[in-house]
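Here's the structure we're looking at; comments come further down.
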Amino acid sequence: MQRNKVAELAPIVGVWQSVARIVEGERIARFAPGAAVMVQVDTTGLPGRNGCAPDEVADVVRGLRALGLDVIGLMTVAAPGPAEAARESFESVARLADDLGLPERSMGMSDDLEAAVAAGTTMVRIGRALFGERPPRQAEGAA
């Protein structure tokens with residue numbers, strides 16, 4: 001989530017699904033007090049991935065609640081690769097959500113939908129399955 005976009009998006013966002021740090025929550029709380037948020041969990045450990053580590057989730061949830069935000073669940077994006085690895089990631093996040101009493105789980109995309117459903121997801125992100133591949137990005141300044 002890009003914090004500089006929060007003010008512009010606050011009036012139209014129903015649920016902020018990618019909150020991984022308290023500083024992001026502070027920005028959301030400023031422009032959308034009481035907003036529904038989901039904590040993004042990085043179960044992959046891959047460089048450049050957004051999300052807090054599983055052992056940080058409880059502290060992030062507490063911090064966001066202290067800001068007056070409504071933490072409704074957790075979200076994750078599995079590492080690319082075999083469905084078995086995705087399943088393990090999704091089951092781990094589902095257990096964390098259960099342990100914290102959070103009802104929502106946003107897990108699974110077009111390639112790992114079945115593993116997410118088996119693990120108990122309540123939301124999936126399947127844009128490519130519905131709309132097809134995205135067109136390639138053009139280089140900035142290209143016509």
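The values are calculated or read from the model by the stated rules, or taken from the named source; none is laboratory data. Remember, it's a predicted structure, so these values are computed and weren't measured experimentally. In this analysis, Cβ positions are derived from the backbone assuming ideal geometry, glycine residues included, and neighbour counts consider all displayed protein chains. These accessible areas exclude ligands, DNA and RNA; they are computed on the full protein's heavy atoms, side chains included. Shrake-Rupley method; radii C 1.70, N 1.55, O 1.52, S 1.80 Å.
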message = Among the residues of segment 4-13, are any at pLDDT 95 or above and farther than 22 Å from M107 by Cβ?
response = no
task = Could you list all residues from segment 22-37 that are of a type outside the set (A, V, I, L, M) and closer than 23 Å to G108 by Cβ?
result = E24
task = Considering (1) closer than 22 Å to R87 by Cβ; (2) surrounded by fewer than 22 Cβ atoms within 10 Å (Cβ to Cβ); (3) in contact with a strand residue (DSSP E or B) (Cβ under 8 Å, 6 or more places away or on another chain), say which one R21 fails and leave the rest.
result = (1)
task = Considering only residues that are under 13 Å from Q40 (Cα atoms) and in a strand (DSSP E or B), look in segment 68-99 and name the one that is most open to solvent (accessible area, probe 1.4 Å).
result = I72
message = Tally up the residues in segment 10-30 that are over 16 Å from G63 (Cβ atoms) and part of a loop (DSSP other than H, G, I, E, B), please.
response = 5
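Give the residues of segment 31-50 that are open to solvent by 30 Å² or more (accessible area, probe 1.4 Å) and outside any helix (DSSP H, G or I), sorted by residue number.
P33, G34, T43, T44, G45, L46, P47, G48, R49, N50
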remark   = Of the residues in segment 51-67, those that are out of contact with any strand residue (DSSP E or B) (no Cβ under 9 Å at 6 or more places or on another chain) and open to solvent by less than 30 Å² (accessible area, probe 1.4 Å) come to G63
request  = Working only within segment 111-138, note down all residues that are of a type outside the set (S, T, N, Q), open to solvent by less than 80 Å² (accessible area, probe 1.4 Å) and modelled with pLDDT of 70 or more.
outcome  = D112, L113, A115, A116, A119, G120, M123, V124, R125, G132
ask   = Would segment 38-58 turn up any residue that is basic (K, R) and either under 21 Å from G108 (Cβ atoms) or touching a residue at least 40 places away in the same chain (Cβ under 8 Å) (or both)?
value = yes
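Which of the residues belonging to segment 1-15 are touching a residue at least 40 places away in the same chain (Cβ under 8 Å) and either touching a His at 6+ places or on another chain (Cβ under 8 Å) or not β-branched (V, I, T) (or both)?
The first filter runs over segment 1-15 and keeps only residues touching a residue at least 40 places away in the same chain (Cβ under 8 Å), leaving 1, 15.
Once the filter is applied, which keeps residues that are touching a residue at least 40 places away in the same chain (Cβ under 8 Å) and either touching a His at 6+ places or on another chain (Cβ under 8 Å) or not β-branched (V, I, T) (or both), segment 1-15 yields only M1.
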